[in-house]
Amino acid sequence: MNSELLLQGIASGLLIGGVYALVAIGLTLVYGVLNIINFAHGALLVVGMYASYFLFTYFGIDPYLSVFVVIPLLFIIGALSQKIVINPLMNAPAHICVFVTIGLGYFLENFLAFAWSPEYRNIEVSYARSILSLGEVTIPVTRLVTFALAVFLTLALYLFLKKTDIGKAIRACAQEKDAAVLMGIDTKKIFAITFGIGAACAGAAGAFILPFFYLGPYVGHTFLLTAFIVVVFGSMGNFWGAFLAGLIIGLGESIGEIFLPSAMKEVVSLSIFIIVLFFRPAGLMGQPR
Amino acid sequence: MKPTTLYFSFSKILILVAFLFLLSLPFYTGSYILHVVIMILFFGYLGACWNILAGYAGQISLGHAIFLGAGAYTSTVLFLKAGVSPWIGMWAGGISGMLLGLFVGYLTFRYGLKGHYFILATLAFGAITKVIALNVEKIGAAQGLIIPFKASFANFQFVGKTFYYYYILFMVVGIVLICTAIERSRFGQILMAIREDEDAAESLGVNIFRYKLFAMIISSFLTALAGTFYAFYIGYIHPDTLFTPFLSIQITLIPITGGMGSVFGPIVGSFILSPVSEITRGFLGKFSGLHLMVWGLIIMLIVILIPRGIIVELQHYFRKPRPKPLERSLT
Amino acid sequence: MSPEANEGMLLIRNLTMTFRGLRAISNLDLEVMASKVNGLIGPNGAGKTTLFNVISGFLTPQEGQILFENKNLAGLRPHEICRLGVVRTFQIVKIFPGLTVLRNVMIGSFNRNRETKRSQEISEQALHQVHLIHKKDQDASALTLSDRKRLELARALATEPILLLLDESMAGLNPTEGEEMLSIIKEINRRGITIFMIEHMMNVIMSVCEHIVVLNYGEKIGEGTPSHISKDRKVIEAYLGEEFSVA
C-alpha cells in the first residue's frame, strides 16, 4: 500500500471530518442543553441542502454564500419546531422526545420529497472541478472550502457561546438547569434558541456539502447515524469532543475505505462506536463510570 | 356503577367479544382481509415483545428489527441449506435473536449506560447488522432469500391464509398471557421499578444489570420467534425490509400509540395504526412523500396528545381501582 | 436481626473521594456506632451526601476502606451493599411514581423475600411503622412530600436493613410532620436498626443523636457525643457559630 494513497486518504478524511464535526456539534449542543437526541437533525441538514439548492437553481447564488440565508432560515425552523412540538414534552420521559423528533424528521424530509420529488440531483458550481495539488495529494477546491467554512463556523459558534450573554446562558442551562432558572434565565427561550442553533449547524453543513454531494430527501439518514456516533464518541454534550471526534471519524472512514470494499464503509465508524461503548462509554472527554 | 368499574367490566367484555370475533373471522372473510389482520396481529405481537423491554423495563430499543431479522434468517438459512423444518428452525432463530440481544444488552447495560446510550447503541447495532447482511453472500446478500413454495406442514407452508392466521392469533394470545404473567410477577414489578427510578431500585438491592439483561433476553427471543413466521408467510426476506430502522421504528410506534407498559396496549395500537397507515397510503401514496409526511405529523400528534398511549391514558382517566393481589411469583 | 451491642458497626478508614482533582472527601476516619442514632453534620458542600453515596456504593472511593460486618464495602455495587444490610434514603426523594404505595415498598421487601405473600406482609408492617398504611393502594405520585419521605423510609425498612442511612429526612417538613418523622425514626432505632443521619436542624441532631460526626470541606473536624462536639472549638468555629449548650 503506497503512502500516496494513505496521504490522500488522510487529507480527504480530515476534510469531510470537518463537516461531521459541524453537524455533530449542533447535535451535541442540543443534547447538552435540552437533554434530547434530535432525530430530525439529519432532516434539518437536508432542508438546508434543499434551501441552498433552491437558491442556486433559481437565483444563481453560490451555495457557500447561501448560508447567509440558510442559517437564519434553519434557525427559525429549529426554534419554531422546538416551541411547537418539543416544548410541550420537556417534562415527559426522555424517550417521548425521541419519538417526536423522529416524527418531525419524517415530516421534514418527506415534505422535501413531496415538494421536489424524491429523485436525486446534483449541482455543478463553476469551480466544481478545480483542484489543489499539495505534493502528492490532490484536493478538490470545494472540499477545502467546505472544510474551512465548517471550521470557521465552529469557531464562531464557540466564541458566541463563550462571550455573549446568550451564549453564557446556554452554557448555564447545559450545566445546571435548575440553577439557571433560579438565576432568572428564561430557560424556555434558551431551549428554543439552542435548538435553532443546532438546526442552523445542520443546515449550514447541508449547504456546505451541496457543491460535491448528491441531493436527495433521505440523504440525511447516513449523516444522522454518523452524527450520533461522533457525538457519543466525543462525549455527549461536549463541544470540542464532538469536533475532535468528527475529525477522527472522518479520518477513520476515509482510511478504512482504502482497505475495505466501499459498501462496507460504514463498518469503520460503527465499529468505532462499538469499541467506544465497550471500553470508554463516556467518550473521548468523559470519565467512565 | 362507578365509571371506573364500568370501564373495566366493559373492557373485559370487549376483549372477550373481540377475541371471539377474531377467532371466527376466517369463516366469513376472504384472503385479503385475512392478510390485513394477519399483519395487524403480527405487528401487535412484535409491539408486545418490544413492550417487555421498553414498556416494563423502560429501555427504549430502536433496533428491535434485528432480532426479527435474526430469527427469520436463521430459520430460513437452516431450511434452505440444511433442510431443517421451520418448526425446529424457529427455535434456533429464537436463540440467535436472544444471543444478539444478550450481546447488545451486555455491552450497554454493564456500565449502567442508560437511556440515550442504549437507544443509540440499538440503532448502531441495527445499522451494522444491516451492512453485514447486505454483504454476506451465503445468506443472499443484497438479493435476499426466496423460500420456494412447497405446501406441507413440515415446511410451515400452507395453501391459503387460514393456518397462518390462527398461528399468529395463537402467538398473540401467547404474548398476552406472557405479559400478564410478567406484570403480576415479582420480576415484572422490579422491572417497572427499574423503569421508574434505576438508582432507587439499585439502592434497594435490585441487581439492575441482571434484570435489564433478562428483560432484553426475553424480548429479543420472543421477537425472533416471529421472524420465522414472517419468513415463511411472506416467502421472501431481504435486509432492506428486515434490518431497517424504519421497521424498528414501526414496531415501537405500536405500543406508543396503544399504550406502553400495558398488556393490550400494543394489540390495540396495531389495530388502530395499521388502518390509519393504510388509509394515508391509499389516499396519498400517489403523491411522493406526502403520505409519509402525514405519517410524521400523525406520529408527532400521537406523542404530544397521548404520550402514554391510548390504553394507559384511558386507565389513568378512569383511575385504576384497587389493583389485584399479586399472584404467585414467577422468578 | 439484632446487632452486637457496642461493636463499631461501620468503620471508615482513610477514605478519600476525588472528582476530577477536587477532593470531596479527604482521609476520613469515622465510626458509626451500632444500635445508636448517629448524626452527620457539616456546612453545605462538606461532603455529607457524597459520603453517603460512597458508603452505599454509588461512588467508588480512590482510597480507604468502609468496614461493615467484617466486609469492605468500598467498590461494591449498591445492590450488593443493600444485600449486606445497608440501605439509604435520598436527599431528593426518589419514589417510584408509577407504582402504588404498597408496591413501592414491596420492591424493598424483595431484597430478602422471594415470596409475594411474605413480601406483602413485611411491606405492610413497614407502612404501619411510618403511619402510611391507610394509603397503601394510592398512586405514589399523588403523595405529598411528607408522605413521600415516609414512603421512602418504609421502602428502606422493608429491605430489612441493619444500618439505615437517612439523608435529610426532615428537609421540607413542617414542625408537625418533622416531629412525627422524628418519632418514627426513634422507634426504628428502638427496634434495633442502627441509624446514620444527615441533618441540618441542630436541635434535631442534638436531641436524638448519641454520636455525631462533623464534616467540613471533606474532612472530619469533630466526632463524639452531642455535648462533646457542642463544646469543640473547631466545630463551633466552622459551623455552630456560638456555643450551644445541651441540657
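Summary table below
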quantity	calculated
Chain B: calculated mean residue ellipticity at 222 nm from DSSP helix runs of at least 4, using -39500 (n - 2.57)	-24000 deg cm²/dmol
Label-to-label distance, nm, for residues given as C:His131 and A:Met264 (7 Å Cα→Cβ offset)	7.0
Karplus-derived HN-Hα couplings along the range B:85-92 (A = 6.51, B = -1.76, C = 1.60, θ = phi - 60°), whole Hz, x at Gly and Pro	5, x, 5, 8, x, 5, 6, 4
Exposed-site-free run, longest, chain A (rule: GluC sites (Glu not before Pro); DSSP loop; at most 16 other C-beta within 10 Å)	A:1-118
Kirkwood Rh (inverse of mean 1/r, distinct Cα pairs), the protein assembly as shown, angstrom	29.7
The range B:256-322: trypsin sites (Lys or Arg not before Pro) in DSSP loop, at most 15 other beta carbons within 10 Å	B:Lys286, B:Arg319
Eligible aspartates and glutamates near A:Lys188 by straight Cα distance, threshold 19 Å, same-chain separation 8 or greater	A:Asp165, A:Glu176, A:Asp178
Exposure rule at most 16 other beta-carbon atoms within 10 Å, DSSP loop trypsin sites (Lys or Arg not before Pro): chain C longest free segment	C:21-113
Length released on extending from B:Leu301 to B:Tyr28, taking residue separation times 0.36 nm less the Cα-Cα span	94.7 nm
Residue of C:Asn70, C:Asn216, C:Asn44 that the Gaussian network model of chain C assigns the largest fluctuation, springs spanning Cα pairs under 10 Å	C:Asn70
Number of Lys pairs (Cα under 24 Å; 8 or more positions apart or on different chains) in chain C	27
C:Lys234-A:Leu65 FRET efficiency (beta carbon distance; Förster radius 60 Å; 0.05 resolution)	0.30
Anchor B:Lys138: lysines whose Cα lies under 23 Å away (excluding residues fewer than 8 positions away in-chain)	A:Lys265, B:Lys81, B:Lys130, B:Lys150
Given charges at beta-carbon only (K, R positive; D, E negative), |dipole| of the range A:3-279 in Debye	620
Burial ordering of A:Phe213, B:Phe8, fewest other beta-carbon atoms within 10 Å first	B:Phe8, A:Phe213
Residues of type lysines that B:Lys212 reaches as a straight line, Cα spacing below 18 Å, ignoring anything fewer than 8 places off in the same chain	B:Lys114
C:Ala142-C:Arg190 pseudo-label distance in nm [points 7 Å out on the Cα-to-Cβ vector]	3.2
Gaussian network model of chain C, springs between alpha carbon atoms under 10 Å - residue of C:Pro78, C:Pro97, C:Pro61 with greatest fluctuation	C:Pro97
Crossing angle, helix A:239-259 versus chain A [Cα axis fit, 0-90 degrees, rounded to tens]	30
Rg and Dmax of the range B:22-241, Cα atoms only, in Å	18.2, 57
Average other protein chain Cβ within 10 Å of Cβ, residues B:119-129	6
Rg over Rh [alpha-carbon atoms, Kirkwood Rh] for the range A:71-129	1.15
Charged-residue dipole, Cβ positions (Lys, Arg, Asp, Glu), the range C:94-160 about Cα centre, Debye nearest 20	120
Peptide B:281-289 - average C-beta neighbours from other chains (10 Å radius)	3
Dipole of the range B:22-241, positive end: most advanced residue of B:Ile190, B:Leu123, B:Ile146 [Cβ charges, Cα centre]	B:Ile146
Two-decimal ratio, chain A, of alpha-carbon radius of gyration to 2.2 N^0.38 Å	0.98
Backbone HN-Hα couplings from phi across the range A:28-35 [Karplus 6.51/-1.76/1.60, Hz, Gly and Pro as x]	6, 5, 4, 5, x, 8, 9, 6
Residue among B:Val268, B:Met300, B:Ile234 farthest towards the positive dipole end of chain B, charges placed on Cβ	B:Val268
Modelled FRET efficiency - R0 25 Å, B:Phe21 with B:Glu278, Cβ distances, 0.05 increments	0.80
Net charge dipole size for the protein assembly as shown [Lys, Arg +1 and Asp, Glu -1 on Cβ; Debye, nearest 20]	1460
Simple label model, 7 Å out from Cα along Cβ direction - C:Ala171 to A:Glu4, nm	6.8
Highest-fluctuation residue, A:Tyr120, A:Tyr64, A:Tyr50 considered, GNM on chain A with Cα pairs under 10 Å	A:Tyr120
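Laboratory data are not the source of any read-out in this text; all were calculated from the coordinates shown. All values reported here derive from a predicted model rather than from experimental measurement. We place every Cβ from the backbone using ideal geometry, glycine too, and count neighbours over all the protein chains shown.
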